[in-house]
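First the structure, in the form of structure tokens, and then the observations on it.
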Amino acid sequence: MIARRLIEMAFVARKAKMVRMTRLFLGMGLSAALLLPLGACTAVGSVAKVVASVTANAFTGPPEPVFLDLKGLLMIADADANLNSPVALDLVFVRDVATLEKLQALPAARWFATRADLQRSFPEALTVRSWELVPRQSVRLSQRELGSPRVAGVLLFADYRTPGDHRALLPELRSGALVKLGARGFAVVAHPQ
């Protein structure tokens, strides 16, 4: 009888301990509750290292593509734009960080010479929208017309007659952007839409 009572007391104590452990695990989260019985402290330590590594990479790693949030884009060609000649413009939506870095090194003349090859080589990484503006012409693109694709960056290439890079990485201007096409180059500035 005493032995049976001792067994019952041990069972009750063990059950109470299990209830406390379950509450603790639920407080810690389901993933920790599942991992602790499998590997005890070493599993939690490993999970903590992985979480710390992922968190550190989120702040120090390369930027991930984000959704474009540009309220609009206004492109204005001055009276003497491109030495009084039409200006071909390509707005390039780049979805891949590595491709963006490669394209940022290209001057506009090389972009326009190799554009078709680049689009064939990287069909999933690039979306190109093209225009040609004559002096004194302007084009306004609304947020709806630009869309909100998931991109690593947006580049603007302008095919000028004068030497130079003639490219710009459009900054994240939530109010909108103005592209002012001048005689020998262009500038991009914030512009409320």
Problem - Residues with amide H under 5 Å from that of Asp96, placed H, sequence gap 5 or more - result: Ala152
Completion exercise
A chain fully extended from Gln137 to Ala183 at 0.36 nm per residue, minus the present Cα-Cα distance, gains in nm 15.2 nm
Exercise for the section: Starting from the Cα of Leu169, step 7 Å along the direction of its Cβ; do the same at Arg144; then give the gap between the two resulting points in nm. Expected result: 3.2 nm
Handout entry: Under the Debye formula (equal points on every Cα, no solvent term), log10 I(q)/I(0) of segment 87-193 at q = 0.12, 0.15 Å⁻¹
Key = -0.39, -0.62
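No value in this document is a laboratory result; all are computed from the given coordinates. The model shown is predicted, which means the values in this text are computed figures rather than measured ones. FYI the Cβ positions are ideal-geometry reconstructions off the backbone, even for glycines, and counts take in every protein chain you see.
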